[in-house]
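Here, each number is a calculation from the coordinates, and none is a lab measurement. Since the model is a prediction, treat every value here as computed from it, not as a measurement. Quick reminder, even Gly has a Cβ in these numbers, built from the backbone with ideal geometry, and neighbours come from all protein chains shown.
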Amino acid sequence: MQGVVVKNVDRWLLPDGVDEVLPEQAQAVEHLRRQILDLYHIWGYDLVIPPMVEFTESLLSGSGSDLDLMTFRVTDQISGRMMGIRADITPQTARMDAHSLRREGPNRLCYAGTVLHTRPRGPLESRTPISVGVELFGEATLAADIEVIELFLQTLKVSGVSNVHLDLGHVDIYRGLLAEADLNAEQEAELFKLLQRKASGELSDWVAANIKDKKLASWLTTLPRLTGNQEVLEAAKNALQGAPNSVLEAISQLEKIVAGLTGSGVNIYLDLGEMPGYHYHTGVVFAAYVQGYGKALGNGGRYDHVGEAFGRSRPATGFAFDLKSLVTQGSTSSALVEGIFVPYSDDPQCREQAALLRSQGNRVVQGFPSQKVDFAEINCDRQLVFEDGHYVIKELS
């Protein structure tokens, strides 16, 4: 078979949606990663580092079809079994909670690592985001949801992201109404798409043709209009009066969460028809948006029973951000730390000075024999020079 000839000019190309992080941005990303993980640490979250690949049986357990389609598969050359390259770290932390750690009480975990997607989630998005987030297992109370949302907002604050809009919803509102509708899988999918598009006219026509219960029909057509600030919760209680208890309890939970976030300084937007991944999530869902950024900067929510596949069902809630997006949308410093250039020398005292400077936390770039120095390229603004029998540091003019 004739081999494929690759032109030298094409060797630098990366696959669509796969990006590299060059020094200036890399320093900003790494600096923010450390700040965020330090934040999680002081909130009591333990760092875990899951593997890049796992057998698909565990990697995709309980995660839904969306993640299945986003996951690259490879064959393990040792066992012959199918493995997946992680597209999401949450299922891995669920496995750790259920099997590797098996803690009895609330288990707080955090992580930061690259994930790989078979296709971008949206136009111009990376297929290799650096996912950073937390998961809280083993606590079913609303206090856990409030803690996670507060930490979600603190992550944005540490990242220097301002004018944040927090989008809140609760999948039990839709799920509770859906349970009364007696629809087949195809009808459920049709209704879900109409509600997500907020196509009021089409929704009304579809509901009229498929929902016989007039009260239920009214509730379903009302959902897309139940959006806005916290006053919408009172409107929802009136509009959904007589709805199943799970629906009313979901509204009550949202009221308590909004009250718990009072004083956070964030703009809260409620969308009671919002249900991202409603097959996966089991309670409150949330996302952060900023002006001029066409997608959620981060999102999260409750997903109880995710550990069922590992033999240990536990309440769970958490969130994730793309670290690179936080850097681009935040105000953290992205400038490389400038260093001190040390010309090549055989003098032991010169090497001692370089070692001393490094021990003090300075960036020191050692020169080589006959090196033509470009100070801008090596990012140095000072130089170690020998003057009057001593080594001194001088600013570069």
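Mind checking which lysines have their C-alpha under 28 Å from LYS193, skipping anything on the same chain fewer than 8 residues away?
LYS212, LYS214, LYS215, LYS237, LYS295
Which order do peptides 19-32, 104-117 fall in by mean Cβ count within 10 Å, highest first?
By packing density, highest mean first, the sequence is 104-117, 19-32.
Return the whole-Å distance between the Cα centroid of the range 283-334 and the Cα centroid of the range 34-90.
15 Å
Identify, among SER345, SER159, TYR111, the residue whose Cα sits farthest towards the positive end of the charge dipole of the chain, taking +1 on the Cβ of Lys and Arg and -1 on the Cβ of Asp and Glu, with the dipole about the Cα centre.
Checking the options against the dipole of the chain, the answer is TYR111.
Any idea what the relative contact order of the chain is, in percent, if you count C-alpha pairs under 8 Å spaced at least 6 apart?
With pairs under 8 Å counted, the relative contact order is 19 percent.
Taking the square root of 5 times each eigenvalue of the Cα gyration tensor, what semi-axes in Å does the equivalent ellipsoid of the range 195-333 have, largest first?
Square roots of five times the eigenvalues give 29, 20, 17 Å.
Roughly what % antiparallel, to the nearest 5, for the DSSP beta bridges in the chain? Let's see the in-between values first.
Working: 45 of 57 bridges.
Close to 80 percent.
If the only charges are +1 at each Lys and Arg Cβ and -1 at each Asp and Glu Cβ, what is the size of the charge dipole of the chain around the Cα centre, to the nearest 20 debye?
It comes to approximately 320 debye.
Ranked highest first by average number of other Cβ atoms within 10 Å, how do 184-190, 337-343, 121-127 line up?
Numbers: 184-190: 11.4, 337-343: 18.1, 121-127: 13.4.
Ranked by mean Cβ neighbours within 10 Å, highest first: 337-343, 121-127, 184-190.
Based on alpha-carbon centroids, what's the gap between the range 171-190 and the range 203-277 in Å, whole number please?
15 Å
What helices in the chain pass both tests, a Cα length along the helix axis of 20 Å or more and a mean Kyte hydropathy of -1.0 or higher, using whole DSSP H runs?
Span-like helices here: 23-42, 142-158, 245-260.
Per residue of the chain, what 222 nm ellipticity follows from adding -39500 (n - 2.57) for every DSSP H run with n ≥ 4, rounded to the nearest 500?
After summing the helix terms and dividing by residue count, I get -10500 deg cm²/dmol.
What's the Cα-based Rg to Rh of the chain, Rh via Kirkwood? Don't skip to the end; give the middle numbers.
Working: Rg = 26.5 Å, Rh = 24.5 Å.
That ratio is 1.08, to two decimals.
Could you tell me which of TRP206, GLY318, LEU396 has its Cα farthest along the dipole of the chain towards the positive end, charges placed at Cβ (Lys, Arg +1; Asp, Glu -1), taken about the Cα centre?
TRP206
Have a look at VAL365, ALA288, GLY300 and report the one farthest towards the positive end of the charge dipole of the range 251-383, computed about the Cα centre with Cβ charges (Lys/Arg +1, Asp/Glu -1).
GLY300
Rounded, prolate or oblate: which fits the range 59-131 when a ≥ b ≥ c are the square roots of the eigenvalues of the alpha-carbon gyration tensor, with rounded for a/c under 1.5 and prolate only if a/b beats b/c? Before the final figure, lay out the partial values.
On the way: a/c = 2.18, a/b = 1.31, b/c = 1.66.
Here the range 59-131 falls in the oblate category.
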